[in-house]
Amino acid sequence: MFTLHRAPRLARRRSWAVLALALIGVLAPDPASAHPFGAPQQIEVAGAGEHEVRVRWLVGGTDDLTLLGIDLGVLGEDRVMLDGAVTFEASDAGAMAKASEFAAYLTERITVAQGGRPCEGRASVADDLVKDGAEVLFTCPEPVSTVTVTSRMLTDLHEAYRTLARGPAGQKAVYDAKHESADWDLTAEPDTGSGPATSRTVAAAVPPDDSARQLLVVGGVMLAAAAAGILWYRRRRRRA
């Protein structure tokens, strides 16, 4: 009888232990995984003269800026906590704004091509990087009309990062690790008709959110743990 009374409690304890271990394995963050699922970064694409294209970048979460600074060597690795998280400090934005490494990163990860020919870009970073962002001004060989803009910002840190982009006449795009390029018509005029304005989406491929997949995995683990506990209890009861 003593064994039978203890069996349900032991089954529950073992089930919760299995669940706790599974949750740790599923949800424990790596140095970058805590950041891509927050506010998305943004870019704005616009013509800036007969031969020029302006691409302005705005960070999503401020901790993303800190994480990038650590990866580029602008900020110290001691800023990473034991669980992989980082905390933004106001001085981080100033350090990044002045860093040549960040300017080089911008021109490497954001590019513009015209008819397959690359346009030359130079970066400019605002003093208030968090509020005003940074931009890359591109000079193209021919007068600009339709150009291909590639953005790979932060996807080298984690493939889940996305960038919401907008351009002239309501054009929109979503950049991610699998969709790095989109064509933009810089000569498009806004709709001035009396009807409701329409926006032309030039690229919008959004894969399922990894966080949703994690929730499905957690739910499956919970069911499996509960089933294992019930099965173990029934076997012990038959033996008793």
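The values are calculated or read from the model by the stated rules, or taken from the named source; none is laboratory data. What you see is a predicted model, and the numbers here were worked out from it, not measured in a lab. Heads up, the Cβs are rebuilt from the backbone with ideal geometry, glycines too, and the neighbour counts pull from every protein chain shown. Just the protein is used for accessible areas: all its heavy atoms, side chains included, with ligands, DNA and RNA removed. Shrake-Rupley method; radii C 1.70, N 1.55, O 1.52, S 1.80 Å.
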What does the accessible area per residue of the stretch 43-200 come to in Å², with a 1.4 Å probe and no ligands, DNA or RNA counted? 50 Å²
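Using only the heavy atoms of the protein chains and a 1.4 Å probe, how would 187, 163 rank by accessible area, largest first? Show your work: numbers first, answer last.
Details: 187 75, 163 5 Å².
Reading off the accessible areas and sorting them downward yields 187, 163.
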If amide hydrogens are placed 1.01 Å from N in the peptide plane, which non-local residues have theirs closer than 5 Å to the one on residue 48? 53, 54
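I'd like the FRET efficiency for residue 189 and residue 127, computed as 1/(1 + (r/R0)^6) with the beta carbon distance as r and R0 of 30 Å, rounded to 0.05. The partial results should precede the final answer.
Working: r = 34 Å, r/R0 = 1.12.
Taking R0 as 30 Å, the efficiency between residue 189 and residue 127 is 0.35.
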If 166, 56, 79, 109 are ordered by their accessible area, calculated over protein heavy atoms with a 1.4 Å probe, which sequence runs from highest to lowest? 166, 56, 79, 109
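Would you work out what percent of the accessible area of the stretch 84-156, with all protein chains in place, is carbon or sulfur (probe 1.4 Å)? Please list the in-between numbers first.
Values: 1610 of 3380 Å².
That share works out to 48 percent.
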Sequence-distant residues sharing a close amide H with residue 160 (under 5 Å, placed H): none
3J(HN,Hα) from dihedral phi, the stretch 87-101, Karplus parametrisation 6.51/-1.76/1.60, rounded to Hz, x for glycine, proline: 10, 5, 10, 4, 5, 4, 5, x, 5, 5, 4, 8, 7, 5, 4
5 Å is the cut-off here: which amide hydrogens, built 1.01 Å from N in the peptide plane, fall below it relative to residue 119, excluding neighbours closer than 5 in sequence? 112, 113, 114
Please list, in order along the stretch 130-139, the HN-Hα scalar couplings obtained from phi with the Karplus expression 6.51 cos²θ - 1.76 cosθ + 1.60 (θ = phi - 60°), rounded to whole Hz, x for Gly and Pro. 5, 7, 9, x, 9, 9, 10, 9, 9, 10
What order do 53, 74 take when sorted by accessible area (1.4 Å probe), most exposed first? 74, 53
Cβ crowding within 10 Å averaged over residues, with 90-102, 144-156, 170-182 ranked highest first: 144-156, 170-182, 90-102
